[in-house]
Amino acid sequence: MGKSTAMKSIMGISPPAVRSGKIRFGDTEITHWLAYRVSRLGIGYVPEDRRIFPLLTVKENLRIGLDVFGVVKEMKKNMLEKIYGYFPRLEQRLSQLGESLSGGEQQMLAIARAMVMNPRLILMDEPTEGLMPLLVEEIKEIIKVLRQNGVSVLLVEQSAAMALEVTDRVYVMEKGTIRFEGTPKEFRDNEALMKELLGV
Amino acid sequence: MQALNGLVWGMIIALVASGLSLIFGIMDVVNFAHGEFYMVGAYLGWLAIKLSNSFWLGLLAALASVALIGMAVEILTLRPIRGRDPLYTLMAMFGLSIFAQQSILALFGPLAKEVKEPVAMKISFFAFEYPLYRLIVVGIAFIIFVFAWLFLQKTKYGVWVRATMQDNVMASAMGIPVKRVYTLSFALGTALAATSGVLVAPIFSVYQTMGLSIIVSAFIVVVIGGLGSLQGAILAAILIGELQTLSSVWISPTYARVFSFLALIFVLLFRPQGLFSISKRR
């Protein structure tokens, strides 16, 4: 409890009443920033329920992220080609409406839409929820690619096994408070927690 | 002849209703003062035409002025109460409507103002003659709708408007300046109403309660067409325009409005979301 709210608070889309304390991104305090400013600072967001724009085409969904930052035409083309390289299925569906995509494709679009903004940090709220194992693997690969490219990923994930595979640091959150903080190795070494969360 | 009149009246309603629909679709604001933007547009148009001696310059001046007024209203009236109970918005718009009517009455007096048709020519259709200006009104409305469609479909801001219409929270999280989109959309919606007010001035004259006479039809059109849908508003406006005009051949124009309400009831019973509704997430 509190994981999605924490993400929404970082993005500036949670109700102000639930926000307390301070949120900093680098040296900048963004506690009371509006979402569009947070996003323009270099934070991408992949929400829990995807929330792609259902009546925009795949291309339009992607285009928003490029237009917002006033990227020049040539760079737009390069960025889109890079994205299509990661998500070839999206390239085949550019003129389809978001609502006509399958659940997995919608999730790909949600991630691609955040990546196209060339962010320094991407918040991902349960990106593998409800997806079949093959797609979960694809998303794991994408997270690894993002890390290799120097993009930080803050991942909320119910599946501890999946989270441990792709992350450098682990936080276990329960009822709005952090119960454990450490590296995946430290987590694995904590037998009580492993048993409770993974049953091993 | 009546069918042509119905088309002209339909296009006049469509301009008002499309603005109303745009504002509701994006901002969830039921703009009770929308008829007053139509009326204020007509008065400013009359004034600008008088000063410039040019109908077309007057039209441009009026729509630009009303767009600026719309921007000011959005920033000063709607923005501070956004996120509160919808009743606040309803009351604010209702208050603005009364304020606009009384201000116009105080400034311009109770007498209706006449505006001369900019094109006096009539064209012959079989056995009757029809004022060319009214056909020009249909043409102008059509061109405006084509531009509105191109704007919404092909431009960066159009995509931002449609994204905001579908999910304003996610639009903001994608970096879209949603507040600016609201202000521009409100200005655009009110400018459409003002355009309609100036175009109709040579046909019906300009009077202080003219907004009330069109706003009911515009609301019916928006509900029938589907909240937030431009094409729905245009098609429903033509339908309502024809219904009201053709039925007034046999019964008085006041009773002819009954047919609009019957159409509204019919749509509410069988397709309550309207003919072309846009699903949105809030």
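Just so it is clear, none of the values below were taken in a lab; they were calculated from the coordinates. Computed from a predicted structure; not experimentally measured. Using ideal geometry, Cβ is built from the backbone for each residue, glycine included, and neighbour counts are taken over all protein chains shown.
Averaging the sequence gap over all C-alpha pairs within less than 8 Å and six or more residues apart, then dividing by the number of residues, gives chain A a relative contact order of 22 percent.
Remark: B:TRP9, A:TRP33 ranked as A:TRP33, B:TRP9, counting other beta-carbon atoms within 10 Å and listing the fewest first. Estimated from the Cβ-Cβ distance and a Förster radius of 25 angstrom, the FRET efficiency linking A:GLN148 and A:GLU186 is about 0.60.
Paramagnetic label reach from A:SER159 (point 7 Å along Cα→Cβ; backbone nitrogen cut-off under 14 Å): within the stretch A:93-126, residues A:104, A:126. As an exercise, use a Förster radius of 30 Å and the Cβ-Cβ distance of B:VAL249 and B:SER205 to find the FRET efficiency, rounded to the nearest 0.05. Efficiency, from the Cβ-Cβ distance: 0.85.
Exposure proxy shown here: for A:LEU123, A:LEU135, the number of other Cβ atoms within 10 Å sets the order, fewest to most, as A:LEU135, A:LEU123. Helix B:86-108 and the longest principal axis of the Cα set of chain B meet at an angle near 40°. Note on chain B: with a GNM built from Cα contacts shorter than 10 Å, the maximum mean-square fluctuation among B:GLN244, B:GLN153, B:GLN208 falls on B:GLN153. In this structure, the residue pairs whose Cα-Cα separation is over 26 Å, taken from A:LYS140/A:LYS185; A:LYS82/A:LYS144; A:LYS140/B:LYS179; A:LYS59/A:LYS140; A:LYS76/A:LYS144; A:LYS3/A:LYS73, are A:LYS140/B:LYS179; A:LYS3/A:LYS73. With the simple model of a label 7 Å out from the Cα in the direction of the Cβ, A:SER102 to B:PHE108 spans 6.1 nm. The mean count of C-beta atoms from other chains within 10 Å of the C-beta of residues in B:172-184, rounded to a whole number, is 6.
Hey, what angle do you get for helix A:133-148 against the long axis of chain A, alpha-carbon based, 0 to 90 degrees rounded to 10? Long axis of A:133-148 versus the principal axis of chain A: about 90 degrees.
In straight-distance terms, cross-link reach from A:LYS8 covers every one of the lysines whose alpha-carbon lies under 18 Å from its own, apart from those fewer than eight places away in the same chain; here that gives A:LYS22, A:LYS175. A simple packing score, the average count of other Cβ atoms within 10 Å per residue, orders the peptides B:219-225, B:160-166, A:124-130 as B:219-225, B:160-166, A:124-130, with the highest score first. This ranking places A:PHE53, A:PHE187, A:PHE180 by how few other beta-carbon atoms lie within 10 Å of each, fewest first, which gives A:PHE180, A:PHE187, A:PHE53.
Suppose a student asked you for the relative contact order of the stretch B:2-209, using Cα pairs under 8 Å spaced at least 6 residues apart; what percent would you report?
Worked out over the stretch B:2-209, it gives 43 percent.
Could you state the angle between the C-alpha long axis of helix B:34-52 and the longest principal axis of the C-alpha atoms of chain B, as a value from 0 to 90 degrees rounded to the nearest 10? Its long axis makes an angle of about 60 degrees.
Partner shielding of B:159-169 amounts to 5, given as the average count of beta-carbon atoms from other chains within 10 Å of each residue beta-carbon.
Only lysines eight or more places from B:LYS50 in sequence, or on another chain, were considered; those with a Cα closer than 21 Å are B:LYS113, B:LYS116.
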